Amino acid sequence: MTMKNASMKPAQIMDYMTCQSGGFPNMGFTVKDLHNKLHSDCKEEIKNGDAEGALGYLSAQNGKSQMDYATFGDVLVFDPTYRTNAYKKPFFILAGVNNNFTTTIFGYGLLSNKTKNMYNWVLSTFLEAMDGKQPIFVVTDGDLAMCNAIRNIFPDARHHLCLWHLERNAAKNFHIPEFVFDFTTLMQMECDVEEFETL
């Protein structure tokens with residue numbers, strides 16, 4: 001690795017090692033073995049660098065997230081539905097919308113599982129990082145463990161289900177395009193209870 005870090009190519013490293021060992025029969029490994037070893041070590045360095053790089057980036061973003069949340073954190077969207085290819089862990093986002101109707105990310109991370117205890121930990125850690133400011137509304141996908149954690153950590157917040165998830169669930173469970181269209185239209189309408197009931 002020292003030779004590779006000094007910009008030597010694998011073929012040059014192999015030539016040097018062959019000379020040092022007194023010939024190819026004394027090497028104990030092949031060119032393919034050398035390539036595999038260099039590749040494996042590079043992957044390990046990159047893997048460790050991923051975590052270090054991510055932590056450095058997150059630390060730099062923390063102050064901005066706190067300011068954004070202090071200003072725009074009345075409505076909090078908690079979405080743990082993403083998955084990453086590399087780590088196969090649920091990825092969550094805590095977000096809101098600023099005064100320009102632009103999505104603002106307050107926090108994010110990887111979860112080891114989707115349990116009430118894990119959600120309790122995420123939300124309580126988030127609350128602590130945001131100086132204890134409670135959101136007024138929390139929007140989620142309706143996961144039961146998450147609902148329980150929201151009641152526990154944000155007891156005064158109003159919990160709403162995400163329109164996109166409701167529409168997706170309607171399409172998945174009913175398989176009637178007309179129903180899904182009518183259902184979505186009703187959800188998006190601005191009307192009072194009486195108007196809604198007559199539709």
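The values are calculated or read from the model by the stated rules, or taken from the named source; none is laboratory data. This is a predicted model, so every value here is computed, not measured. Reconstructed Cβ throughout: ideal geometry from the backbone, glycine too, with neighbour counts over all protein chains shown. Note: accessible area is taken over every heavy atom of the protein model, side chains too, but ligands, DNA and RNA are not part of it. Shrake-Rupley method; radii C 1.70, N 1.55, O 1.52, S 1.80 Å.
Numerical summary
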quantity: Helix axis angle, 31-72 relative to the chain longest principal axis, alpha carbon, degrees; calculated: 30 degrees
quantity: Entry for Rg/Rh (Cα atoms, Kirkwood Rh) (calculated from the structure that is shown) out of (i) 1.17; (ii) 1.23; (iii) 1.35; calculated: (ii)
quantity: In nm, spacing of pseudo-spin labels at MET3 and GLN134 (7 Å Cα→C-beta vector); calculated: 6.5 nm
quantity: Prolate/oblate/rounded label for region 63-167 (Cα gyration tensor, a/c 1.5); calculated: rounded
quantity: Net charge, ALA157 excluded, C-beta distance under 13 Å - Lys, Arg +1, Asp, Glu -1; calculated: +1
quantity: Helical mean residue ellipticity (222 nm; -39500 (n - 2.57) per DSSP H run of 4+; nearest 500) of the chain; calculated: -18000 deg cm²/dmol
quantity: ³J(HN,Hα), Karplus 6.51/-1.76/1.60, whole Hz, each residue of region 190-199, x for Gly, Pro; calculated: 9, 8, 8, 4, 4, 4, 4, 5, 6, 7
quantity: Label point at LEU127 placed 7 Å out along Cα→Cβ; residues across region 133-176 whose backbone nitrogen lies under 12 Å; calculated: 133-135, 149-157
quantity: Local electrostatic count, VAL180, Cβ distance below 10 Å [Lys/Arg +1, Asp/Glu -1]; calculated: -1
quantity: Degrees between helix 144-153 axis and first principal axis of the chain (Cα, 0 to 90, nearest 10); calculated: 80 degrees
quantity: Efficiency of FRET between ALA145 and TYR108 - r from beta-carbon atoms, R0 25 angstrom, step 0.05; calculated: 0.85
quantity: Set of aspartates and glutamates near LYS4 by C-alpha distance (under 17 Å), chain-local residues within fewer than 8 positions excluded; calculated: ASP15, ASP33, ASP41, GLU44, GLU45
quantity: Three-way shape call for region 133-199 based on the alpha-carbon gyration tensor, with the a/c threshold at 1.5; calculated: oblate
quantity: Computed label-point distance, nm, for sites ASP33 and ARG158 using a 7 Å Cα→Cβ extension; calculated: 7.0 nm
quantity: Highest to lowest packing among 171-181, 122-132, scored as the average C-beta count within 10 Å; calculated: 122-132, 171-181
quantity: 0 to 90° range, to nearest 10: angle between helix 177-188 axis and the chain longest Cα axis; calculated: 70 degrees
quantity: SER21 versus ASN99: modelled label distance in nm, points set 7 Å from Cα along the beta carbon direction; calculated: 6.9 nm
quantity: Share, in percent, of DSSP beta bridges within the chain that are antiparallel, nearest 5; calculated: 65 percent
quantity: Area accessible to solvent at THR2, 1.4 Å probe radius, in Å²; calculated: 110 Å²
